Structure formats: C-alpha cells, structure tokens
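The structure follows.
The values are calculated or read from the model by the stated rules, or taken from the named source; none is laboratory data. The structure presented is a predicted model; accordingly, all values stated were derived computationally and were not measured. All Cβ positions, glycine included, derive from the backbone under ideal geometry; neighbour counts span all protein chains shown. These accessible areas exclude ligands, DNA and RNA; they are computed on the full protein's heavy atoms, side chains included. Shrake-Rupley method; radii C 1.70, N 1.55, O 1.52, S 1.80 Å.
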Amino acid sequence: MKILVFTEKPFAPAAVKAIEQTVNASGNDLEVVEGGTREDFLAAMAGTNGLIVRSDKVDAAIMDAAKGDLKVIVRAGAGYDNIDLEAASERKICVMNTPGQNSNAVAELVFGMIVMMCRNQYNGKSGTELRGKSLGIYAYGQVGRNVARIAKGFDMKIEALDKFVDDVVMEADGVKPIHDVDRLFSENDFVSLHIPATAETRGSIGYDLVMKMPKNGVLINTARKEVIDEAGLIKALEERPDLRYVSDIKPDNAEEFEKKFATRVFFTPKKMGAQTAEANFNAGVAAAEQVIAYLKDGWDKYQVNKF
Ligand code: 3PG
C-alpha cells in the first residue's frame, strides 16, 4: 500500500526519519512531498491509499486524484477544519486526527507569547509579571489542559470554560469552571483561545466579548484566525488602548492591525504552535501508525467523520 505524506510546512527531519522507519517496518511504501504546490499534491495522490497531512487543504479533488484508492486520511495534529469531511464520508474515506500529540508545544507557545507581550516585546521598557494574574482558558481540551498545567507554575489563577467537559475534571486540576463566556472575558487578565473553527465558533470572538476584558487585558489566539471577528476586534482595540492581541498566525487584516496598534499586537508569520521537533515527531509517528493500523485492520479510534 502507498502512504503519502504531503505537508506544505515541513516536519523536523527527525520526524520524517521516524515516519520512514515506521512505514518501512510495516511493509508499506512511503512518499514524502514537503513544501509542494497543489499541482504537486494532485500528482502525488496517484495510487495513494493512506494520506498524512498537517493544515493542508484536502478537498474532493485531492481525494479523487487517488482514483478510488484512498482509504484513510490522518491529520497529524488536532484541528481538522482543513479536511472536507463530507466529501470524505461520501467516498467512505476514514478521517482521523492525532489528539494530544502536539498540544504541549502549542501550550508552551501560549506562554512564550504572553511573556513577550507582558515584557513589551522585549523593547527594554518596564513590563508586568504573570504571578497572581488570572487566566481564562476557552476550551479545556488537550491544549487547554496543558496551558492550565503550565499556568500553575507561574502562580496564576485559572478559570476555564468548556461545555463538553465536566466541572470535576477542571476542579481536579485546580481550575475554576466557568459556564458563561461573558464571565470568562470579564474576570480574566488573559484569555487564551483553544476552540476549534466550526460553524458555531467562526467569528464568535469580537467587540462585545473583548470589551468586557479588564484593564490591560491580553487576548491570546493559538486556535484558528477564523474564530475572530476581526472588524469587531479592531473596533475594541481602537476604543480600548490598554488591550492587546497576540495570535499564532496572521489575521486576514494583519496590516491594518499592525498599522493601527503597532506593539499592542503580535502575529507569527506562519502557524507555529505545533512547529517543534518533539510535536512533529509525536504527531508524525502517531499519524503513520494510525494510517498503517487502519489499512491493516480498520483501526479507527480517532475517526472524526461518519459513513
Ligand atoms: C493543530 O491543529 O494541530 C495545530 O494547529 C497545528 O497545526 P500544524 O500542524 O499545521 O502546525
């Protein structure tokens, strides 16, 4: 069977090597295409039975380029909003993600960004500390839990909101459960977003919520740019010169944000939360193992579509 790894954003070399070893040991064939174009992707799909991607867009045309050979797609990572699940289900292609494999990397970046903003992007001016400040975690999944774990080391007060997680789970972690998104924003100096991009969450973080933040509030987005209502956020930042926004990926209106708010905003040039050797290794090897297990035995523990 042919397994294709297609990623615009390359994995660390050690991760590619480990994926190669895993696939070779299973007796399957591996092709790795990193940094290719859509044409490269379409061409490489010929004869592909199992596909591994990161945030790369996988639509019906990509699936059909395998001419019926494609059986499984594994997104090496958490968010699968880049994959057309409906098209996959229609074609009886199993789609899985690799939950938890890159979450520590994303959580560490949250604090890298928070400290950077609290120290004025290291410009030499006096900043502020995290100790004793409050952090609101919006969605308490794998990344949110890692964020809470690290926040404890900074001596922060932690609240979280997640309608799919029982209060007892948060309480066991020393995190105060919150059931109202307005409160999450009004009670916390920092709000860290970990919600997926879905029909329900797209554009859901905007003017009204951000305006509720306390003085000197910082909004941190290592989730998806699509969850932000950019016009609403810009309006809030205009009216509240004390607020700051930091995001792991450029918003659509990055230039306007940067022009209007200068050092009150910071954006990574590319999504880099999961861009560590460790996260690449963990997610890449897990993805390879999951593709192999599906092709061999129909193993589908992390399937995210239905057919
Ligand atoms: C994820 O959903 O796992 C993260 O956003 C990482 O995405 P990436 O693999 O494209 O860096």
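For the pairs LYS157/LYS225; LYS2/LYS67; LYS2/LYS301; LYS57/LYS225; LYS125/LYS157, note any where the Cα-Cα span goes beyond 23 Å.
LYS157/LYS225; LYS125/LYS157
Sticking with this one: Between VAL181, VAL58, VAL106, where does the largest GNM mean-square fluctuation fall for the chain, given springs only between Cα atoms within less than 10 Å?
Fluctuation is largest for VAL181.
Given the protein chains as shown and a 1.4 Å probe, how many square angstrom of ARG244 are accessible, to the nearest 10?
Here the accessible area works out near 40 Å².
Still on this structure, please answer the following. Using 0.36 nm times the number of residues separating ASN82 and LYS270, minus their current alpha carbon distance, what extension gain do you get?
Once the chain is fully extended between ASN82 and LYS270, it gains 66.1 nm.
Okay, moving on. Roughly to the nearest percent, how much of the accessible area of the range 103-267 is carbon and sulfur, given a 1.4 Å probe?
Taking all protein chains in place, the range 103-267 shows 50 percent carbon and sulfur surface.
Which far-off residues, 5 or more places away or on another chain, put their amide H under 5 Å from the one on ASN305, with H placed in the peptide plane?
Amide H neighbours of ASN305: VAL95.
With the crude spin-label approximation of a point 7 Å out along Cα→Cβ, what separation in nm comes out for LYS306 versus GLN121?
4.7 nm
Using the heavy atoms of the protein chains and a 1.4 angstrom probe, tell me the accessible area per residue for the chain in square angstrom.
Ligands and nucleic acids excluded, the figure is 46 Å² per residue.
What is the Å³ per residue value for the convex hull set by the Cα atoms of the range 103-267?
It comes to 102 Å³ per residue, whole-number rounded.
Relative to the longest principal axis of the chain, what angle (0 to 90°, nearest 10) does the C-alpha long axis of helix 13-26 take?
40 degrees
So, one more: Between helix 230-239 and the chain, what is the angle of the helix's C-alpha long axis to the longest principal axis, kept within 0 to 90° and rounded to the nearest 10?
20 degrees
Now a separate question. Taking a 1.4 Å probe, which of VAL304, VAL147 shows the most accessible area, and what order do the others take after it?
VAL304, VAL147
Further, regarding this structure: With θ taken as phi - 60° and the coefficients 6.51, -1.76 and 1.60, list the Karplus ³J(HN,Hα) couplings across the range 251-265 in order, rounded to whole Hz; mark glycine and proline as x.
x, 4, 9, 3, 4, 5, 4, 5, 5, 7, 10, 6, 7, 7, 10
List the relative contact order of the range 148-263 as a percent without decimals, with contacts defined as Cα pairs under 8 Å and 6+ residues apart.
Normalised by residue count, the contact order of the range 148-263 is 20 percent.
For HIS179, what accessible surface area do you get with a 1.4 Å probe? Give it in Å², rounded to 10.
Around 140 Å² of this residue is reachable by solvent.
While we're on this one: What residues qualify as long-range amide H neighbours of ILE158, i.e. H under 5 Å apart, gap of 5 or more or another chain, H built at 1.01 Å from N?
LEU135, LYS176
Relative to the present Cα-Cα distance, how much length would full extension add between ASP69 and ALA277 at 0.36 nm per residue of separation?
Going from the current span to full extension adds 71.7 nm.
Which whole-number percent gives the relative contact order of the chain, counting Cα pairs below 8 Å spaced six or more residues apart?
21 percent
Summing Lys, Arg as +1 and Asp, Glu as -1, what charge do residues with Cβ under 13 Å from the Cβ of VAL115 carry, VAL115 excluded?
+2
While we're on this one: Which value in nm describes the separation of the simple spin-label points at ARG131 and LYS9, placed 7 Å from the Cα toward the beta carbon?
Once both label points are built, they end up 3.4 nm from each other.
Residue by residue, what Karplus-based ³J(HN,Hα) values in Hz, rounded to whole numbers, does the range 208-224 have, using 6.51, -1.76 and 1.60 with θ = phi - 60° and x for Gly and Pro?
Calculated HN-Hα couplings, in order: 4, 5, 5, 5, 6, 5, x, 4, 6, x, 10, 9, 10, 10, 10, 8, 10 Hz.
Could you tell me the calculated FRET efficiency between GLU39 and GLU200, based on Cβ-Cβ distance and R0 = 30 angstrom, to the nearest 0.05?
After rounding, the FRET efficiency stands at 0.30.
Take MET170, MET116, MET272 and sort them by solvent-accessible surface of the protein heavy atoms, 1.4 Å probe, largest at the top.
In descending accessible area the options line up as MET272, MET116, MET170.
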